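For reference, the structure is listed below as structure tokens.
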Amino acid sequence: MEAGLIFEEMKRQFYSVIVGSGRYIPSRIIKNADFLDHVFFDTKGNKVETPNEEIIEKFRKITEIDERRYVDDDLVTSDIGYFAAKEALESSGIDKESLDYIIVAHNFGDVKHENRKSDTVPSLASRIKNKLGIANPFTVVYDIAFGCPGWLQAIIQADYYIRSGDAKKILVIGAETLSRVSDPHDRDSMIYSDGAGATILEAQESPEPVGIITHLTRSDTLNHAHLLNMGTSNNPEYPDNTLFLKMEGRKLYEYALNIVPQLVKDCIEKAKLSINDIKKVLLHQANTKMDDAMLSGLFRLFGLKQSPEDIMPMTIAKFGNNSVATLPILLDLILKGEFPQHRFSSGDHVVLASVGAGMNANALVYKIR
């Protein structure tokens, strides 16, 4: 009898389903005009002679960013990750002590306004668990550094835990304060912003696939490891050797277009679906031109010349690129009905995908329950 019960338990199918979400979007708005008084230098340390008005207008046309958000001076990444996590817990209605894991995706730790150095001890997950007041010692916490795809990779890890039977409830957070690691003398600094998003996955039984259906990840380090890296200011007279986030924009763009569309296609087909079965494509909000090109490339791989106008929601115009936080913030807005032109319905298949430092890229197919 006992063996029969074990067999019945093994036959039960559990899937990772989103039961709560939250976000923190800083209130401090930085408009493009705020960069008019910046002095920009190129990567060779030469002052850029192009008028800032022209630099900013060209930047806006490519990225479509009009403004971005920066945290207040007294906040760090673990603070805003906590705010998003608290909101996610409230929206889920679950007991925080019942969480099996808290996984926090970030890349720079807590970087203070007055001391621009990464602080990662203890882990941000430990700090956030402490702020949440969780006493359960078996709520296991850890961080993941995986570039911009970090939150999605943490979701993928959480799915493995749930499918293995090791966990039933997992809180996944993506939080970043890129304003603290941006070189004020680098034109790329206009892309970056701050924010946090959080998602709670729960194991739910279902006779047919729901929630997370399939996922794929790749890491291309042989020739692409350093397309995003840390370096000193472009300004040769910068007063110290503080390290800032640097990227090789053209090569990164080419990598994304060469890799992401095929990765997403493979993930969709792994789920035994076609692009016509996908209701929404949620891409990491990196750069509008790049996201548009990746979406077009995906549809071309399926033999289609054009994608539906409403298939890819975008937030970058107002929130900028806040790395690991872009996808969970976007997801939270839609799940809570705060993105009027984009909604999910039961049975919809949704694709999430990201690309970033590493170089890493990942994709996931999710079915709305």
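The values are calculated or read from the model by the stated rules, or taken from the named source; none is laboratory data. None of the values given here were measured: they were computed from a predicted structure. Virtual Cβ from ideal backbone geometry, glycine too; neighbours counted across all protein chains shown.
General remarks:
- Residue match in the range 266-288 (condition: assigned to a helix (DSSP H, G or I) and among the aliphatic types (A, V, I, L, M)): yes
Yes/no per residue for (1) assigned by TED's automatic domain parsing to the domain that holds Asp159; (2) over 23 Å from Gly195 (Cβ atoms); (3) modelled with pLDDT of 95 or more; (4) in contact with an Asp or Glu (Cβ under 8 Å, 6 or more places away or on another chain):
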residue: Leu273; (1), (2), (3), (4): no, yes, yes, no
residue: Ile278; (1), (2), (3), (4): no, yes, yes, no
residue: Glu309; (1), (2), (3), (4): no, yes, no, no
residue: Met312; (1), (2), (3), (4): no, no, yes, yes
residue: Lys318; (1), (2), (3), (4): no, no, yes, yes
residue: Asn322; (1), (2), (3), (4): no, no, yes, yes
residue: Thr326; (1), (2), (3), (4): no, no, yes, no
residue: Ile329; (1), (2), (3), (4): no, no, yes, no
residue: Gln341; (1), (2), (3), (4): no, no, no, yes
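- Elements of the type strands (runs of 3 or more DSSP E) sitting completely within the range 179-249 and holding at least 1 residues that are touching a residue at least 60 places away in the same chain (Cβ under 8 Å) and either under 28 Å from Leu36 (Cβ atoms) or over 24 Å from the mean Cα position of the chain (by Cα) (or both): these cover 194-205, 228-231, 244-247.
- When residues in the range 51-67 are screened for being loosely packed, with under 12 Cβ neighbours inside 10 Å and not charged (D, E, K, R), 1 of them pass.
- Residues satisfying the criterion are present in the range 345-358 (criterion: surrounded by 15 or more Cβ atoms within 10 Å (Cβ to Cβ), touching a His at 6+ places or on another chain (Cβ under 9 Å), part of a loop (DSSP other than H, G, I, E, B) and at positive phi).
- A single member of Lys336, Lys289 is touching a Ser or Thr at 6+ places or on another chain (Cβ under 9 Å) and modelled with pLDDT under 95, and it is Lys289.
- Applying the condition of being of a type in the set (Ser, Thr, Tyr) and closer than 16 Å to Ile30 by Cα to the range 162-184 and asking which residue is surrounded by the fewest Cβ atoms within 10 Å (Cβ to Cβ) yields Ser182.
- Beta carbons closer than 8 Å, at least 6 apart along the sequence or on distinct chains, pair a first residue in the range 61-78 that is free of Cβ contacts under 8 Å to residues at least 60 places away in the same chain with a second that is surrounded by fewer than 19 Cβ atoms within 10 Å (Cβ to Cβ) for Asp72/Ser27; Asp72/Arg28; Asp73/His113; Asp73/Glu114; Asp74/His113.
- Some residue of the range 134-149 being in contact with a Lys or Arg (Cβ under 6 Å, 6 or more places away or on another chain) and under 22 Å from Leu352 (Cβ atoms): no
- Counted residues, the range 302-332 - those being under 20 Å from Arg28 (Cα atoms) and out of contact with any Ser or Thr (no Cβ under 8 Å at 6 or more places or on another chain): 4
- Looking across the range 110-135 at every residue that is small (Gly, Ala, Ser) and surrounded by fewer than 22 Cβ atoms within 10 Å (Cβ to Cβ), the one that is farthest from the chain's Cα centre (by Cα) is identified as Ala135.
- In summary, Glu53 fulfils each of the numbered conditions (1) without any contact (Cβ under 8 Å) to a residue 24 or more places away in the chain; (2) outside any helix (DSSP H, G or I) with the single exception of condition (2).
- Residue within the range 282-305 that is under 26 Å from Val104 (Cβ atoms) and either of a type in the set (Gly, Ala, Ser) or over 16 Å from the mean Cα position of the chain (by Cα) (or both) present: yes
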